[in-house]
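Undergrad: Supplied in structure tokens, the structure appears directly below.
The values are calculated or read from the model by the stated rules, or taken from the named source; none is laboratory data. No experiment lies behind these values; they were computed from the predicted model shown. Ideal geometry is used to build each Cβ from the backbone, glycine not excepted, and the neighbour counts take in all protein chains shown. Keep in mind that these areas ignore ligands, DNA and RNA; they rest on the heavy atoms of the full protein, side chains included. Shrake-Rupley method; radii C 1.70, N 1.55, O 1.52, S 1.80 Å.
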Amino acid sequence: MRAPISGVDHVVIAVRDLDRAQAIYAHLGFTLTPRGFHTLGSQNHCIMFERDYLELLALPKAHPATQYYTDFLASGDGLAAIALATGDAAAVHAALRANGIEAEAPLDFSRPVDLPEGVRDAAFRIVQLPVGQTPGCRTFVCQHFTRDVVWRPAFQRHAVGVTGLAGIALIVEDPAREALRYAKIFDTWPQTIDEGLRVDTGSAPIALTARWKLGRRLEGVELPTRQRPFVAALFFHVADRAAAANALRKGGFKPMTLGDGSLGVDAQEACGVTLVFG
């Protein structure tokens with residue numbers, strides 16, 4: 001039974017200091033949405049692209065539903081979660097459980113959004129997967145009930161020229177074993193790549209690799225120092241690499257030009273995850 005998942009909806013970078021993270025990503029050349037306040041007590045800024053987005057998330061208030069992020073932040077900022085896109089979270093829940101994945105029951109929440117026409121609620125339904133199913137990060141499925149509230153043209157234009165997520169790379173103990181766990185979600189098989197194994201999601205793929213292999217691919221760029229397993233790098237599509245490099249330098253960064261012409265930013269400069277603009 002194949003779950004109706006259409007790709008990666010967004011990724012979540014958990015941070016201890018949301019003001020600092022907001023400033024860093026603004027200097028990286030991103031346009032951020034105004035601060036959001038979830039009904040679960042968390043706060044965020046989103047960076048919207050054409051079909052997906054990046055979320056900066058902080059947790060000033062404890063809540064059982066966000067305990068994973070509290071535990072994650074004990075080791076510092078970093079990319080803590082991957083949200084998968086669906087139009088029917090309930091159907092995904094049923095399909096995952098039929099396939100032997102003990103997904104949690106669907107959970108609804110929302111946050112108010114100030115818009116020119118007034119305040120509206122951005123509403124979501126999520127289904128969280130067991131942490132053990134996706135070593136290195138929390139994975140959940142996200143259904144948007146109010147896409148027009150979240151995807152606003154004014155927030156989709158970025159000085160750095162990013163148009164979307166291109167890929168996610170995790171450093172794990174055993175890439176072959178962990179890739180199978182990720183692939184089970186999508187009812188697919190991992191594909192061999194130079195760095196290890198790739199799981200196709202329907203949009204941005206997920207790569208499972210060893211530190212030395214990813215380090216060779218991103219030579220000269222600092223990776224996170226977290227204990228395995230963890231999300232090490234986030235890759236972006238950009239409209240123009242030269243324009244991206246100029247925007248990064250204007251923001252005070254010194255991007256490393258990689259062998260394929262893409263641009264890397266050290267993890268310590270980007271809230272605990274290496275960024276690759278290509």
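Undergrad: Hey, how much of the P(r) for the stretch 104-224 falls beyond 24 Å, as a percent of Cα pairs? Let's see the in-between values first.
TA: Working: 3288 of 7260 pairs.
Here the tail beyond 24 Å accounts for 45 percent of pairs.
Undergrad: Treating cross-link reach as a plain straight distance, find the aspartates and glutamates whose alpha-carbon is under 18 Å from the alpha-carbon of Lys213, omitting any fewer than eight places away in the same chain.
TA: Glu173, Asp174, Glu178, Asp194, Glu195, Glu222, Asp260, Asp266
Undergrad: Okay, next question. In a Debye calculation with equal point scatterers on the alpha-carbon sites of the stretch 58-135 and no solvent, what is log10 I(q)/I(0) at q = 0.14, 0.23 Å⁻¹?
TA: -0.62, -1.21
Undergrad: Ratio to report: Rg/Rh of the stretch 185-268, with Cα atoms as the point set and Rh obtained by the Kirkwood method; give two decimals. Please report the intermediate quantities before stating the final value.
TA: Values: Rg = 14.3 Å, Rh = 14.4 Å.
On the Cα set of the stretch 185-268, Rg over Rh gives 0.99.
Undergrad: In square angstrom, what is the accessible area per residue of the chain with a 1.4 angstrom probe? Kindly include the intermediate steps, with their values, before the conclusion.
TA: Working: 11790 Å² over 278 residues.
Averaged over the residues of the chain, the accessible area is 42 Å².
Undergrad: Which order do the peptides 254-262, 163-171 take when ranked by the mean count of other beta-carbon atoms within 10 Å per residue, highest first? Intermediate results must be reported in sequence, preceding the final value.
TA: Values: 254-262: 14.2, 163-171: 22.0.
Ranking the peptides 254-262, 163-171 by packing returns 163-171, 254-262.
Undergrad: Rank by packing, highest mean first: peptides 89-97, 183-191, with packing defined as the count of other Cβ atoms within 10 Å averaged across residues. All intermediate terms of the calculation are to be shown ahead of the outcome.
TA: Values: 89-97: 20.2, 183-191: 16.8.
Those peptides, ordered most packed to least, come out 89-97, 183-191.
Undergrad: When the Cα centres of the stretch 49-63 and the stretch 121-168 are compared, how far apart do they sit, in Å?
TA: 8
Undergrad: Considering only protein heavy atoms, with the full assembly of protein chains and a 1.4 angstrom probe, order Asp194, Asp148 by accessible area, largest first.
TA: Details: Asp194 130, Asp148 80 Å².
Correct descending sequence by accessible area is Asp194, Asp148.
Undergrad: Compute the Cα gyration tensor for the stretch 1-66, then decide on rounded, prolate or oblate, letting a ≥ b ≥ c be the square roots of its eigenvalues: rounded whenever a/c is under 1.5, prolate when a/b is larger than b/c in the other cases, and oblate in all that remain.
TA: Numbers: a/c = 2.52, a/b = 1.21, b/c = 2.09.
It comes out oblate by the Cα gyration axes.
Undergrad: Okay, next question. Hey, any idea what the orientation-averaged projected area of the convex hull of the stretch 1-126's Cα atoms comes to, in nm²?
TA: Working: hull surface 34.7 nm².
About 8.7 nm², averaged over all directions.
Undergrad: Taking θ as phi - 60°, what are the ³J(HN,Hα) couplings along the stretch 70-77 by the Karplus curve (6.51, -1.76, 1.60), each to the nearest whole Hz, with x for Gly and Pro?
TA: So the J values, rounded to whole Hz, are 4, 5, 4, 5, 4, 9, x, 5.
Undergrad: Whole percent per 5 Å bin, from 0 to the bin with the longest distance: what is P(r) over all C-alpha pairs of the chain?
TA: 1, 6, 13, 18, 20, 19, 14, 8, 3, 1, 0
Undergrad: I'd like the carbon and sulfur percentage of the solvent accessible area for the chain, probe radius 1.4 Å, heavy atoms only, ligands and nucleic acids excluded. Display every interim value, and only then the final one.
TA: Details: 5990 of 11790 Å².
Carbon and sulfur: 51 percent of the exposed surface of the chain.
Undergrad: Considering only Phe145, Val8, Ala80, whose Cα is most displaced toward the positive end of the charge dipole of the chain, charges sitting on Cβ of Lys, Arg (+1) and Asp, Glu (-1)?
TA: Of the listed residues, the answer is Ala80.
Undergrad: Also: Pick out, in residue order, every one of the GluC sites (Glu not before Pro) in the stretch 188-278 that is DSSP loop and has at most 15 other C-beta atoms within 10 Å; say none if there are none. List each step's numbers first, then the result.
TA: Values: sites: Glu195, Glu219, Glu222, Glu269; in loops: Glu195, Glu219, Glu222.
Of the GluC sites (Glu not before Pro), the ones in loops of the stretch 188-278 whose Cβ has at most 15 other Cβ atoms within 10 Å are Glu219.
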